[in-house]
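The values are calculated or read from the model by the stated rules, or taken from the named source; none is laboratory data. Being a predicted model, the structure only gives us computed values, none of them experimental. Glycine gets a Cβ as well: all are built from the backbone with ideal geometry, and neighbour counts include every protein chain shown. These accessible areas exclude ligands, DNA and RNA; they are computed on the full protein's heavy atoms, side chains included. Shrake-Rupley method; radii C 1.70, N 1.55, O 1.52, S 1.80 Å.
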Amino acid sequence: MYIDYSKLWKLLIDKGMSKTDLKDITGISSRVLAKLSKNDTVTTDTIARICSALNCDVSDIMECASEERLSVYSAYKRYGKCVAENKLFKTVQFTIDSQKYTVYQSKQIATKATHICCNEDGAIYWEQIFAIGTVATTSEKKLLIKPCLRNDEISIVLIKGKPGVIVGLDENGFISSRGVRKKQSDIYVMSEAAFKLFVPQVF
């Protein structure tokens, strides 16, 4: 079980307030606000300050929830442990309800001028498009990662930012966040926005 503060964020929206507004009216620190955002433990004094400032009850801002209700993204943020890191990406692992996950998160931030290419050779390439003058373009393509294929875990390549396009999905062992795996070793490739809504297919 864990404490979920989703009700707090909904209450702020209903009141037309931001997290910064909450910090200002309660006097809590940025560190405490970050802990609340991650559903981490905070002191009862913090809870009392928030309830007093928002003129509400404890049950209006928090509830006790089961780990089984955690989304993959929430579990990644809450339980993910960095097990490896290099200049291109970091590898994070966690488990939900006995299902293992490995997330390979890019360090470079993708933009609309970024193309992510999932190739037949099992590698993922980062292609950056550059404008030359007003009409011409050039590009630079580099290997991002060649992830391991494993049947005992769900592997995700998470592209930080908002890539213009991810090509080669739903074929060659690479699938989109909403795609259907043909085999258990297939690897999901997705943007951060897609990861927040991701619900994996269970074999």
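Answer with yes or no whether Tyr104 is under 30 Å from Val165 (Cβ atoms), touching a helix residue (DSSP H, G or I) at 6+ places or on another chain (Cβ under 8 Å) and open to solvent by 20 Å² or more (accessible area, probe 1.4 Å). I'd like the intermediate steps shown before the answer.
Details: under 30 Å from Val165 (Cβ atoms): yes; touching a helix residue (DSSP H, G or I) at 6+ places or on another chain (Cβ under 8 Å): no; open to solvent by 20 Å² or more (accessible area, probe 1.4 Å): yes.
Against the criterion (under 30 Å from Val165 (Cβ atoms), touching a helix residue (DSSP H, G or I) at 6+ places or on another chain (Cβ under 8 Å) and open to solvent by 20 Å² or more (accessible area, probe 1.4 Å)), Tyr104 does not qualify.
Identify all residues within the range 14-48 that are over 24 Å from Ser71 (Cα atoms), polar (S, T, N, Q) and not in a loop (DSSP other than H, G, I, E, B); write none if there are none.
Result: Thr20, Thr26, Ser30, Thr44, Thr46.
Which members of the range 192-203 meet the condition of being touching a Gly at 6+ places or on another chain (Cβ under 9 Å) and in a loop (DSSP other than H, G, I, E, B)?
So the first thing to find is which residues in the range 192-203 are touching a Gly at 6+ places or on another chain (Cβ under 9 Å), and the list is 192, 201.
The answer is Gln201, and nothing else.
Report, ordered by the first and then the second residue, all pairs with beta carbons closer than 8 Å, sequence separation of six or more or different chains, a first member in the range 34-51 that is among the basic types (Lys, Arg), and a second member that is in a loop (DSSP other than H, G, I, E, B).
Lys35/Thr41; Lys35/Val42; Arg49/Gly27; Arg49/Ile28
Tell me, yes or no, whether the range 44-51 has at least one residue that is open to solvent by 50 Å² or more (accessible area, probe 1.4 Å) and of a type in the set (A, V, I, L, M).
Checking the range 44-51: at least one residue is open to solvent by 50 Å² or more (accessible area, probe 1.4 Å) and of a type in the set (A, V, I, L, M).
Residues are listed down the side, and each one gets a yes or a no for (1) over 24 Å from Tyr73 (Cα atoms); (2) at pLDDT 90 or above; (3) in contact with a Cys (Cβ under 7 Å, 6 or more places away or on another chain); (4) acidic (Asp, Glu):
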position	(1), (2), (3), (4)
Thr114	no, yes, no, no
Trp126	no, yes, no, no
Ile132	yes, no, no, no
Leu144	no, yes, no, no
Ile156	no, yes, no, no
Val165	no, yes, no, no
Arg178	no, no, no, no
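With Ser176, Ser155, Ser185 as the choices, which residue is surrounded by 14 or more Cβ atoms within 10 Å (Cβ to Cβ) and in contact with a Lys or Arg (Cβ under 7 Å, 6 or more places away or on another chain)?
Ser185 is the lone residue from the list that is surrounded by 14 or more Cβ atoms within 10 Å (Cβ to Cβ) and in contact with a Lys or Arg (Cβ under 7 Å, 6 or more places away or on another chain).
Identify, please: which residue in the range 21-43 is modelled with pLDDT under 90 and of a type in the set (D, E, K, R) and is, among those, surrounded by the most Cβ atoms within 10 Å (Cβ to Cβ)?
Lys35
Inside the range 188-198, can you point out the residues that are open to solvent by 30 Å² or more (accessible area, probe 1.4 Å) and under 17 Å from Ser106 (Cα atoms)?
Glu192, Ala193, Lys196
Please work out which one of (1) surrounded by fewer than 19 Cβ atoms within 10 Å (Cβ to Cβ); (2) more than 26 Å from Thr95 (Cβ to Cβ) is the condition Gln201 fails and give its number.
In the conditions (1) surrounded by fewer than 19 Cβ atoms within 10 Å (Cβ to Cβ); (2) more than 26 Å from Thr95 (Cβ to Cβ), Gln201 misses (2) alone.
If only one of Cys56, Cys64 is at pLDDT below 90, farther than 26 Å from Gln201 by Cα and among the hydrophobic types (A, V, I, L, M, F, W, C), which one is it? First the steps, then the outcome.
Details: Cys56 fails: at pLDDT below 90.
When all the criteria are applied, what remains is Cys64.
When the range 73-93 is examined, which residues are found to be surrounded by 19 or more Cβ atoms within 10 Å (Cβ to Cβ), modelled with pLDDT under 95 and hydrophobic (A, V, I, L, M, F, W, C)?
Phe89, the sole residue that qualifies.
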